[in-house]
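A short worksheet on the structure shown next.
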Amino acid sequence: MDVTGITPLLALLAPILGAAGVVLLRHHPPARELCGVLAGIVQLGLVASLVPAVRDGGTVSFTLSTFLPQASIELRADALGVVLAGTAAMLWVLTTLYAMGYFGTAPEPVLTRFHACLCLTMAATIGVAFSANLITLFLFYEVLTVITYPLVTHTGTPEAIKGGRRYLAYQLGAAIAFLLPAIVLTYITADTFDFVPGGIFGPDASGTLLVIVYVLYLLGIAKAALMPVHSWLPAAMVAPVPVSALLHAVAVVNVGVFCVMRVVLDVYGVERTGELGLGVLTLVLTSVTILVASLYALRLDNLKGILAYSTIGQLSYMMLGMALLSPGGRTGAVLHLVGHSFAKITLFFAVGSIYLATHRTLASELRGLGRQLPWTMAAFAIGAISIIGLPPTVGFVAKYFLFVGAVEAGQWAVLVVLAVSTLLSAGYYLRILRSALFDAPVTVPAGGSGGTAALPRVPTITERGALVLVPTLLTATATLVLGVAPGWLLDLIRVSIG
Amino acid sequence: MNEITAAEQVGFPILSTLVFLPVVMIVALGFIRNDRALRRTALAGAIAVLGVSVILAVQFQRGTTDFQFGEQLPWVESMGLSYHLAVDGVSVLFVPLTALLVVVVMLSSWTSVQHQPKAYLMAVLAFETAAIGVFTAVDLILFFVFWELMLIPTYVLIKVWGKGSQRGRAALRYVLAMLLGSAALLVGFVLLGVSYRSAPGSGGALSFDLLVLMETPVPVGTQTAVFFLLGFAFALKAPMFPFHGWMPAALLEGPIGMAVFLAGLKMGVFGFLRFVLPLVPDAFAAWSWLVAVLGVVAVLYGALIALVQPDLRRLLAFASVSHVGLAMLGLSSLNAQGLQGALFLIMNLGLVSTGLLLAAGFVHQRIGSTDLAALGGLAQRTPALATFTLVVCLGAIALPGTSGFAGEFLILLGAFGTHTWLATIAVTTVILSAAYMLVFFERAFHGRIRSKIVEAAADLRPREMLAAGILGVTIVALGFFPAAMLGYSSASVDELVGRLGPAITVAAED
């Protein structure tokens, strides 16, 4: 049932008020941080309260402002939007807690800015998730770009500024050069900006034009990091770990893939996408991205670099699933959006904990760390297994649906791509795990203050604090729980893909 | 056209009040000797005008094409002239915008103008009278009088209070350019009046009243002549490529206050909307391709030059040329989206130019320069000033979520429908404008601190914070609620498009 309601707006306002609270409480940490946590919990509650309304295919909408008879800023929560918003809200709370542990809670202005921007990032994400039309989507999409820029450049070092500039240039450039014209051309062809399940183009719309516009969408939505508009993502790795976690798992890339899904489902419609051969086109592009990104990750040693290229590949998995157009493929795509978020954030949290405890950033330096940081490495293992796609994790369930989807669609080549890329990602993740669990620990030359200077020793390394460890373990657990009991989520996802 | 009189709406001649209140203030200033009292009185006057203009905006009836707050007195009846003021949806918001800019200019000159403050304030108030006159006059000749009147304070302001060594030349160049345009404007207006006399139903009388002329179609031949005459005058004023030469000189050499007016009040574009489109719609439609091409060339040219400017004011001058080009592209698309977009864009330029110059003023006060070479790393010392500047920059880029977005989006929407390829080219400007604005911001505010002055710079004080906050919030609010502004003009714009509607078919048949 489609109803009008204020809940989507409240879910948007909660993080905005949270940001205001963060600024007001800037001299009073940790109340400042807890204000963000509170806003996140409120937001999560609001999003959860939307589930009953959207579970049967209904929507809850709220019009914020109208600026042309055809164009308004309108929020509309549907199942797909709730899936994205719910995932983001849940992980936001955990990221904020993790950031408290990672950065500490000193009353520094930089941290106030960080937490305020974190809140506003969530507002923009919710805005995208609940966009009822292309204008609203574009608006919040761009706001998200701007508000995450200070996060990327958080440390303020010349490298951070440089990475941030690349991030901004790619995001703004692609959005304006490709996405904006795509939206305008869509309007001129379809005479509407609204998302409608099954598509908005009339039967007499020119096929050539629709193909061009589709390509513009794929290039314009740079947040989905489809090659060749992916290189902002490794560049943005200059950001500290909590920010990377947010970019990779909570907000930015999820928003990118979500936009592509909206375009396929609610602008073109599954049928039209298939008729125009756009599904196959997307399959080719995503397959190339998956394989190239996996090969790249394989030869890297920097942990965050590996995760960055891994993310690029996994995002293309989601788009590939959507482009299969079969029910299984689409289900796998949305489930992978959720599952990847939990698994990837676990990996980032773990990498951050490792950095805090050891200041190590290279995969080759993790030797023997399994004994020194057992909890962290256990979480890392669960995340990695999920990304590879092995049971009993959510990654396996998603991949299962992707395989089913490929068979349903009769795309045998895709099966090969999925198989090869699984092997490749197993290659780079299992290498790290094996070395961490079974190799001898890294040693350092003994301290010089007299004694037996010749013998190297194993440095003492311990887990750092509950605030970093607990969120890591929670997301790891969620990765497992969703892998064992995905039923309730799948019900929602089936509604979301129409 | 119908008209609602001021007597019916507010019970007093509100437009005349707005036009002549600054004149009263000028006289009052003449009696004050104390420097401090002088500034306070002038500011009080400017705020009073702003207050009255807000009443105007609030009392304005939306959703009708009628001209409102009309007041008419006979002037030279034998020539069909009258003192006739009125506003409609197209013009009404320009009045509060002008009043706002005057307040900002006065605040920004509080400490920076020490040379002959009395004369300076008088010139600013004289400019305000002329500018509000331009936006409210609906008699063509009366409009012309106000239009010319604007020249004197502008010339004096640039010549006397300019900062550059070339200010005398810049001022002269400005005046010569404007006089050239004025000559064309006057000939065009007279042609319109004479053409009305020979139209059936005029009874052989002259009329220069916009409301009367709008009722009477102009012959196609006359339309073309008038289009080029008026078009030339307004293109010079806008300034529209290739008539923009005076603008960078005037902005760089003149005082910051004058730059706010020149960059913030796009009277040339207003002239097109007020006179060219309604009075000679067929000629405008027939030549709209020319307007579109010049618009797009300006868009690209302005943005490319702005990219390499080391000074904020020169950057703003070329950015302004670029934006005017975009507005002209919107007008040339001949549909409601394009026209609404152009109108919204130039209103936004008023806000954004003011914001940027305000920011430049704040920077100048602290560092003593707005040259990028002297800045760098400012954000570390002045986070609030940096945030404000960033919001304004984003507004200038027309990023969604700021007041710039709706205007630019509507223009692209309108232009894609009419001039698809030109619109495609124009999209690139948005990227370029993002580039020059953000590069500028980064060089000024980020990076290493290079000088002791920057090291010691203090952040915004409460009073400055208030001004910056109001402007910043307005820019963001209009990004999410553009309807607040578009609601004023939609009816009038629809009426304008209706006039252009039959014209399009005529042009197509040719």
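The values are calculated or read from the model by the stated rules, or taken from the named source; none is laboratory data. Remember, predicted model here, so these are calculated numbers, not experimental data. No Cβ is skipped: glycine too gets one built from the backbone with ideal geometry, and neighbour counts run over all protein chains shown. Ligands, DNA and RNA are excluded from the accessible area calculation, which covers all protein heavy atoms including side chains. Shrake-Rupley method; radii C 1.70, N 1.55, O 1.52, S 1.80 Å.
Residues considered: B:Glu442, B:Glu408. Of these, the only one that is free of Cβ contacts under 8 Å to residues at least 12 places away in the same chain and within 12 Å of chain A (Cβ to nearest Cβ) is B:Glu442. In the list A:Ala182, A:Ala177, A:Ala160, which residue meets the criterion of being farther than 19 Å from B:Leu412 by Cβ and either facing another protein chain (nearest Cβ under 8 Å) or open to solvent by less than 30 Å² (accessible area, probe 1.4 Å) (or both)? The conditions single out A:Ala160. Take the residues in the range B:59-106 that are on the phi > 0 side of the Ramachandran plot and either open to solvent by 30 Å² or more (accessible area, probe 1.4 Å) or modelled with pLDDT under 90 (or both); name whichever of them is nearest to the chain's Cα centre (by Cα). The qualifying residue nearest to the chain's Cα centre (by Cα) is B:Gly63. Quick check, is B:Leu399 part of a loop (DSSP other than H, G, I, E, B) and not hydroxyl-bearing (Ser, Thr, Tyr)? Criteria met by B:Leu399. Can you say whether A:His115 is part of a helix (DSSP H, G or I) and farther than 23 Å from B:Leu432 by Cα, as far as the supplied structure shows? Against the criterion (part of a helix (DSSP H, G or I) and farther than 23 Å from B:Leu432 by Cα), A:His115 qualifies.
Could we say that A:Leu226 is open to solvent by less than 20 Å² (accessible area, probe 1.4 Å), part of a helix (DSSP H, G or I) and within 30 Å of A:Ala293 (Cβ to Cβ) here? For A:Leu226, the condition - open to solvent by less than 20 Å² (accessible area, probe 1.4 Å), part of a helix (DSSP H, G or I) and within 30 Å of A:Ala293 (Cβ to Cβ) - is not met.
Just checking, does the range A:60-68 include any residue being under 30 Å from B:Gly487 (Cβ atoms) and more than 14 Å from chain B (Cβ to nearest Cβ)? Scanning the range A:60-68 turns up at least one residue that is under 30 Å from B:Gly487 (Cβ atoms) and more than 14 Å from chain B (Cβ to nearest Cβ).
Name the single residue that is surrounded by the fewest Cβ atoms within 10 Å (Cβ to Cβ) among those in the range B:135-162 being touching a Gly at 6+ places or on another chain (Cβ under 6 Å) and among the hydrophobic types (A, V, I, L, M, F, W, C). That would be B:Phe146. When B:Ala183 is tested against (1) within 22 Å of B:Met247 (Cα to Cα); (2) surrounded by 14 or more Cβ atoms within 10 Å (Cβ to Cβ); (3) small (Gly, Ala, Ser), only condition (2) is not met.
Restricting attention to the range B:417-428, the residues that are facing chain A (nearest Cβ under 9 Å) and open to solvent by less than 10 Å² (accessible area, probe 1.4 Å) add up to 2. The number of residues in the range B:352-396 that are under 14 Å from B:Lys452 (Cα atoms), of a type in the set (Gly, Ala, Ser) and within 14 Å of chain A (Cβ to nearest Cβ) comes to 2. Screening the range B:281-394 for helices (runs of 4 or more DSSP H) wholly inside it with 3 or more residues that are modelled with pLDDT of 85 or more returns the ranges B:281-286, B:288-306, B:312-332, B:336-367. Counting only helices (runs of 4 or more DSSP H) that sit wholly inside the range A:333-440, those with at least 3 residues that are over 29 Å from A:Val260 (Cα atoms) are A:369-372, A:374-388, A:412-438.
Residue count for the range A:366-377 satisfying the condition of being under 20 Å from A:Val468 (Cβ atoms) and surrounded by 16 or more Cβ atoms within 10 Å (Cβ to Cβ): 7.
For the residues A:Thr121, A:Thr189, A:Thr95, the requirement of being more than 20 Å from the chain's Cα centre (by Cα) and more than 9 Å from chain B (Cβ to nearest Cβ) singles out A:Thr189. Of all the listed residues (A:Ala88, A:Ala39), the sole one being closer than 16 Å to A:Leu120 by Cα and either in contact with a Ser or Thr (Cβ under 8 Å, 6 or more places away or on another chain) or at pLDDT below 90 (or both) is A:Ala88.
Within the range A:101-112, the presence of at least one residue that is surrounded by 22 or more Cβ atoms within 10 Å (Cβ to Cβ) and part of a helix (DSSP H, G or I) is confirmed. For the range A:454-498, filtering for residues that are farther than 21 Å from A:Met318 by Cβ, among the polar types (S, T, N, Q) and buried (at least 21 other Cβ atoms within 10 Å of the Cβ) leaves 1. Scanning the range B:470-503 for residues that are of a type outside the set (A, V, I, L, M), within 14 Å of chain A (Cβ to nearest Cβ) and free of Cβ contacts under 8 Å to residues at least 60 places away in the same chain gives a single hit, B:Phe481.
Note on the range A:120-143: among residues that are of a type in the set (Val, Ile, Thr) and closer than 21 Å to A:Ala39 by Cβ, the one that is most open to solvent (accessible area, probe 1.4 Å) is A:Val143.
Please go through the range A:20-38 and give me each residue that is in a helix (DSSP H, G or I) and open to solvent by 10 Å² or more (accessible area, probe 1.4 Å), ordered by number. If the condition is that a residue be in a helix (DSSP H, G or I) and open to solvent by 10 Å² or more (accessible area, probe 1.4 Å), then A:Ala20, A:Gly21, A:Val23, A:Leu24, A:Ala31, A:Leu34, A:Cys35, A:Val37, A:Leu38 are the ones that fit.
Would you mind stating whether B:Leu15 is open to solvent by less than 10 Å² (accessible area, probe 1.4 Å), of a type outside the set (Ser, Thr, Tyr) and not in a strand (DSSP E or B)? Considered against the rule, which asks whether it is open to solvent by less than 10 Å² (accessible area, probe 1.4 Å), of a type outside the set (Ser, Thr, Tyr) and not in a strand (DSSP E or B), B:Leu15 comes out as yes.
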